1. Out of the residues in segment B:161-184 that are more than 20 Å from the chain's Cα centre (by Cα) and in contact (Cβ under 8 Å) with a residue 12 or more places away in the chain, which is nearest to B:Gly106 (Cα to Cα)?
2. Take the residues in segment B:143-160 that are small (Gly, Ala, Ser) and touching a residue at least 40 places away in the same chain (Cβ under 8 Å), then tell me which one is farthest from B:Ala392 (Cα to Cα).
3. Residue by residue through segment B:27-39, note down the ones that are touching a Ser or Thr at 6+ places or on another chain (Cβ under 9 Å) and at pLDDT 90 or above.
4. Go through (1) in contact with a strand residue (DSSP E or B) (Cβ under 7 Å, 6 or more places away or on another chain); (2) free of Cβ contacts under 8 Å to residues at least 12 places away in the same chain and name the single condition B:Asp418 misses.
5. Would you say B:Val220 is buried (at least 24 other Cβ atoms within 10 Å of the Cβ) and part of a helix (DSSP H, G or I)?
6. Mind checking which residues of segment B:29-45 are more than 9 Å from chain A (Cβ to nearest Cβ) and among the hydroxyl-bearing types (Ser, Thr, Tyr)?
7. Just to be sure I understand, how many residues within segment B:131-156 are part of a helix (DSSP H, G or I) and under 11 Å from the mean Cα position of the chain (by Cα)?
8. Would you pick out the residues in segment B:285-322 that are at pLDDT below 95 and of a type in the set (A, V, I, L, M, F, W, C)?
Amino acid sequence: MDADSVFDSLSSSVRRDILTFLSTHGDASAGEIADAISDVGRTAVSTHLRILRSSGLVSERRAGRQRFYSLDREGSAMIAVGYFQSLMRNALEDAESGKAAVTPVSASPASRARRAG
Amino acid sequence: MSGIVLTATRDVALTPEAVFETLGSWLFGASFERLEVGRPLTLTVPFGGAASGFTIFGRIRRIVWGQSIVIEHSQPWRGTVRLRLTPLPIGARVTLSCDVDDAGVGWMVRRTGIPSSAPESARGRRWGLLTTKSGSGAVFALGTENAALLAIDELNAAGAGMENDLVVGDDGTDPAMAAVEAERLIAAGCRVIVAAVISASFTAVQQVAQRHGVLAVHSVLNEGGRPARSVLRLGERPADQLRAALTPLMRETGGSRCYIVGHTYSWSRSAARVARGMLADLGAGVAGEARLPLGHHDYAPVVERIRRSGADLVLSTLVGDDEVRFERSSHELGLRSTATTLSLVLDESTREHIGAEQSAGVWAAMGYFEASPSSVNQAFVARYRARFGAWAPPLSSLSESVYSTILLLERALADDPDATADAWARAVRQVRLETPRGLLTFGDGETYASTIRVAIAGQTGFHLL
């Protein structure tokens, strides 16, 4: 899973509706989800659920021939945390990629503060 | 998931000093008045597709020049940001670590756009707190969650039999987000929502709460509104603030031409309307008005218009980060030497973020200041510091109001825990409670009677008049 696939998943209003439904109803079958979301058939819901599963937002549980879907809290949390970690790495790349080197020392807030102190 | 520590490391071909000198340009746009232990610092982080990202509000806890800096923060979640620089034979090793607690992970999940399931319901009473962890209002909301937690701790310690817990929402200074978060708090089992948010957000909360039969309480300063059975608006009103401050301000400064600067939303408009009437009654004129959308960035042109208007008084109804930007511009462009500013939403947190030097001389009028010398308040401040430590954000009217509101509500709810929101609202109006801001009683049945105090920002805090 990566941040792009997550945001792709969230770009669909149907998929957002499915996530909102699951956030308040625990687990549900594809049929129950289709019944709850107007104008979306079961086949389409199954397709959306497959995308949500592959991006780590939804998990699946089997009970006999039935499949139940629920919001994957751990998966969602790891996605958000992973995204934040990538931002940290980007910040460190910026420290070296020229931003730190080309910024005149006299113009940096840090050096101004040091002189003032 | 329990709290986690995220770490990123990179070896760079620069000296530790060079990397440290420029951290303001690469470490999430670190912004600070001065790199010094105890000073506030903000980091702006792009996240979740939001155009402006979000701001981490922290305080410098430790600094070793050219080697390390430790930032302790309380918003949007509680944690620590640590930067360590280690010299290498050529260059430096840069290590950045951030700890994220469960509340932080939940906040990030929601901010990413993923709906989060409601927390498991508590055994006792669950209180909803809607505060502002992000957006323009985040500056003044520092400390509200702490104050709420202190109230909940004290209720539980009193051992009245019912366990209390707190679910916190973030309105992002955005009414649409306020409505979504109010729904989440209610789904989590909260039958009371204490809202320390701007009026526009509270209006959205009120609509959601009424639909679900939940009591909604606006604890912070507001302009009032149409009375509703299950809604309470407890904070300071602009008329009371202006009545307390305008006469001494004009007497002390000799000023008589006032420029009004504010936002385009309801509270600010209402405050300006009241001010125009009072200024006329006091024989003062309005030199001009400026009205900006919430989140406006460049206040230098506004300050220039004020200077050209010849105003010797300024009334600011700007809130949060906007107020910070305006007051900094006023200081930098020399407006302080020709006009004295009265700000209606200048609390201790906002003053800190403006900067001690940049805010010095600005007048404020609130129902509570942390510097209040009453014994009840001094004990309150001591309990707050003992619970949250020396690095916690300062208390202010906005945070104290949350603390007092929860205790006030508890008095009313305790008699009939299963009553309707309407009945609770009626019961609250009968309560008298000694609080850090004084004795609270309901004067007119709509809001409590409390004394407005006037103070001037100085180098070390507010000086009460």
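1. Among residues in segment B:161-184 that are more than 20 Å from the chain's Cα centre (by Cα) and in contact (Cβ under 8 Å) with a residue 12 or more places away in the chain, the one nearest to B:Gly106 (Cα to Cα) is B:Arg184.
2. Filtering segment B:143-160 for residues small (Gly, Ala, Ser) gives B:143, B:147-148, B:151, B:157-160.
If we keep only those that are touching a residue at least 40 places away in the same chain (Cβ under 8 Å) too, we end up with B:143, B:147-148, B:151, B:160.
On the way: B:Gly143: 7, B:Ala147: 11, B:Ala148: 14, B:Ala151: 16, B:Ala160: 28 Å.
Ranking the candidates gives B:Ala160 first.
3. So in segment B:27-39, the residues touching a Ser or Thr at 6+ places or on another chain (Cβ under 9 Å) come out as B:28-32.
Result: B:Phe28, B:Ala30.
4. All conditions pass for B:Asp418, except number (1).
5. Details: buried (at least 24 other Cβ atoms within 10 Å of the Cβ): yes; part of a helix (DSSP H, G or I): no.
Judged against the criteria, B:Val220 is not a match.
6. Answer for segment B:29-45, where residues must be more than 9 Å from chain A (Cβ to nearest Cβ) and among the hydroxyl-bearing types (Ser, Thr, Tyr): B:Thr42, B:Thr44.
7. Start the filter on segment B:131-156 by keeping residues that are part of a helix (DSSP H, G or I), which leaves B:138-141, B:144-156.
The next check asks that each one be under 11 Å from the mean Cα position of the chain (by Cα); those that pass are B:138-141, B:144-145.
Summing the residues that are part of a helix (DSSP H, G or I) and under 11 Å from the mean Cα position of the chain (by Cα) in segment B:131-156 gives 6.
8. Passing the criteria: B:Leu294, B:Val319.
The values are calculated or read from the model by the stated rules, or taken from the named source; none is laboratory data. Values in this document were obtained by computation on a predicted structure and should not be read as measured data. Cβ sites come from the backbone with ideal geometry, for glycine too, and all protein chains shown count toward neighbours.
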